[in-house]
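Reviewing the structure listed below.
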Amino acid sequence: MNEVDPQARLDIMVSAMLSCVACPLSENRQNVVPGTGPANANIMFIGEGPGANEDLQGYPFVGKSGRLLDELLNMIGWNRKDVYITNTVKCRPPENRDPFESELKICQENWLDPQIAVIQPSIIVPLGLHALQRVIPGMKIGDARGKTFSRNGFTIFPTYHPAAALRQKRYKEILTEDFKQLPSLINNILNKGLRTTVTPPTTDESHQINLC
Ligand code: SF4
């Protein structure tokens with residue numbers, strides 16, 4: 001299995017994810033929303049959880065927040081096919097409530113950590129508090145945004161969730177400022193050869209990695 005290339009490994013993982021019933025969020029979903037992007041993406045964005053549009057379509061960030069994310073990516077010369085986009089939980093919480101800690105933990109152990117281990121992004125960008133707390137527990141988004149952190153060989157660059165920018169103009173200005181840093185951060189990491197080399201798990205063993 002270790003000889004299988006990362007894209008094949010990710011495809012196998014996504015196939016398994018589509019029938020996941022590991023937590024109660026499976027009960028009300030229309031579709032699992034695994035994530036989009038190539039297995040060799042240098043950057044991985046992690047949002048909170050699927051909303052109504054994402055649940056219907058099976059893709060992350062397809063509503064207003066997604067349009068803003070596209071706008072921010074385009075601003076720095078990127079688009080979705082260049083990056084990997086996923087969420088802390090892959091199934092929509094009922095009525096868009098916050099995911100419970102138990103659901104977050106189960107989905108991280110089963111899917112988010114394995115996705116990170118296969119993709120091995122140069123930068124992980126948690127979008128908002130829930131995603132930040134999965135990779136740096138206890139950290140506040142207001143303190144962490146726009147700064148880089150190192151955890152288990154990964155560079156973490158938190159910023160606000162695009163939904164926050166839709167509610168308050170000042171968050172859009174901050175998001176814009178943070179996204180403008182991403183190209184140089186990526187270039188610095190790649191130029192220094194600092195891309196992570198954490199060994200990906202096989203798909204038939206317990207595949208949790210601990211970012212903390
Ligand atoms: S939220 Fe995650 S762990 Fe829970 S059922 Fe969906 S894919 Fe499985």
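Amide H to amide H distances under 5 Å link ASN87 with GLY47, where only residues 5 or more positions off or on other chains count and H is placed in the peptide plane.
For a quick check of your reading of the filter: which trypsin sites (Lys or Arg not before Pro) in the stretch 26-134 sit in a DSSP loop and have no more than 15 other Cβ atoms within 10 Å?
Here the sparse-neighbourhood loop sites are ARG97.
log10 I(q)/I(0), Debye, Cα-only the stretch 120-190, no solvent, q = 0.12, 0.22, 0.26 Å⁻¹? Log10 of I(q)/I(0), two decimals: -0.29, -0.94, -1.21.
In the stretch 140-180, one over the average inverse separation of all distinct C-alpha pairs is 10.7 Å, which is the Kirkwood hydrodynamic radius.
Anything over 32 Å Cα to Cα? Flag those among LYS90/LYS192; LYS81/LYS105; LYS64/LYS192, in the order listed. The pairs that break the limit, which is 32 Å between Cα atoms, are LYS90/LYS192; LYS64/LYS192.
Taken over the stretch 6-191, the ratio of Cα radius of gyration to 2.2 N^0.38 Å equals 0.95. Taking all C-alpha pairs of the stretch 48-88, those more than 17 Å from each other amount to 28 percent. Helical runs assigned H by DSSP (4 residues or longer) give the chain a calculated mean residue ellipticity at 222 nm of -11500 deg cm²/dmol, each run adding -39500 (n - 2.57) before division by the residue total.
Taken together, the values in this text are just the output of simple stated rules run on the coordinates, not laboratory data. What you see is a predicted model; the values in this text were computed from it and never measured. Methodologically, a virtual Cβ is constructed for each residue, glycine included, from the backbone with ideal geometry; neighbour enumeration extends over all protein chains shown.
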